[in-house]
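Structure, as structure tokens:
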Amino acid sequence: MPEHASDPPLSPALPSTTARVLAFAAIVVAGICGGLIGWAVTDLQCTDGCPVLAGAVGVASAALAAGGVAIVAVLTLRAMTEWRTIDERNRRARSPRPGGPGGV
């Protein structure tokens, strides 16, 4: 909400498209890596060749890795948006208002 009636609203609180695409790519890569690591470790530990167990652990590992990176990505995107909003608010506070103190 604008601080003064004449202030235009702040820009939308969405991170840039590039930031969102990079966050999504990081989540996908983390899921793939987590799945491969979980599958490989289970496959190496199982002496009877248990593909179902290795697959199940791989899927669970992929979900955990992707979930962890998703949490970090969301927090990072929110922080970027907050920093941008604070910066925009500070720039507006420094610029003189027309008809106000220091304005024309």
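Each reported figure results from applying straightforward, stated rules to the coordinates on display, with no laboratory input. Model, not experiment: these values are computed from the prediction.
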Sorted by chain and number, the residues with a modelled amide H under 5 Å from that of Cys50, at a separation of 5 or more or across chains, are none
Taking only the alpha-carbon positions of the stretch 17-89 and ignoring solvent, what does the Debye formula give for the base-10 log of I(q)/I(0) at q = 0.14, 0.16, 0.22 Å⁻¹? -0.53, -0.62, -0.86
